[in-house]
Amino acid sequence: MSAAYVYLLAICANLAFSTSTIFFSYFSIKFSSFWINQAKVLIALICFSVATFATGVWVDVNLTVFTYLFLSGLIGLCLGDLMLFKAFPVLGPARTLVMFSFVPLILGIYSFFFFNQTFTFNQTLAVICMIICVFVFMLEKKGLSGSWGMKGFSFALLGILLDAGGIILTRESFEYQNELHSFQVNIIRCLGAMTGFILIRPKGYADFFKSTLTLKTREKLLLIGACICGTFISLSLYLTAVKHAHLGTLTSISITGPVWVSIIECIYYKKLPNFYLIAAFIFFLSGFYFMVNP
């Protein structure tokens, strides 16, 4: 699998998730971050189970791999996403996704010590370009609001740290058992996340189903569509990329989220791209060039 194809999968996964965050943010405000996270994990589990049954890609998983994946879901999909989604109502999707720019630094250090992965000069330039792209958006938001929104960014940062831990455990699982398919990997991760939700709030899913009945048909369709796009499709593509890619460089692609969400906002509000958006695109394209030419 070529590097360009792997990173293309990651970009598509990130765009799917980023688009869904607009609707995740809506439901986080309407109900809570806990509510929407329960929804996306439950729907994802159903989708991954159906996909695994239809394709027959399940292989036997040893106890070590199962434990890593279960903890990955508990740490990343449950605790990490709970913190991340708490930032959505405060910062909005674009500013929250900005925080993903710090994941390459965390995973890059881990990969250096445990996976013997090093950064080439071009890969280092790629990460720098991606991080500069993010800070262009941060400067724009600072100029508009006059505040960095530290409370929201603190939630987002904690979420990213936990999410990075989940990615690390997932990559460790692939190191142990390379034949794993992303469908079954995500089934185990979703089970870990659901276990976390039940431990945190035993009656959480009962309350979730009651409140779901109050939604209008359009809202139910938006919820299902967002969860399928932002979990099933996104995680399927992303974990396939995680299996093959250089971790630090791969996760730097996550900064496409703020760019993509900003584009959607431009279309929705019928405004032309401003200087900040154009500058961010220049750095993003430069970073992508360095990534696929290591």
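Placing pseudo-labels 7 Å out from each Cα toward the beta carbon at Lys151 and Val57 gives an inter-label distance of 4.2 nm.
Between Ile29 and Thr217, the FRET efficiency estimated from the beta carbon spacing at R0 = 25 angstrom works out to 0.80. Taking label points 7 Å from Cα along the Cα-to-Cβ direction, Thr195 and Phe121 give a separation of 4.8 nm. With 28 Å as the limit on Cα-Cα distance, the pairs of Lys210/Lys271; Lys40/Lys210; Lys30/Lys151 that go past it are Lys210/Lys271.
In plain terms, the residue of Glu175, Glu140 with the fewest other Cβ atoms within 10 Å comes first and the most crowded comes last, giving Glu175, Glu140. Could you calculate the FRET efficiency of Leu285 with Lys142 from 1/(1 + (r/R0)^6), where r is the beta carbon distance between them and R0 is 22 Å, rounded to 0.05? The computed FRET efficiency comes out at 0.40.
Computed from the coordinates by the stated procedures, all read-outs in this text should not be read as laboratory data. Computed from a predicted model, the values in this text were never measured in an experiment. Cβ coordinates were reconstructed from backbone atoms using ideal geometry, including for glycine residues, and neighbour counts include every protein chain displayed.
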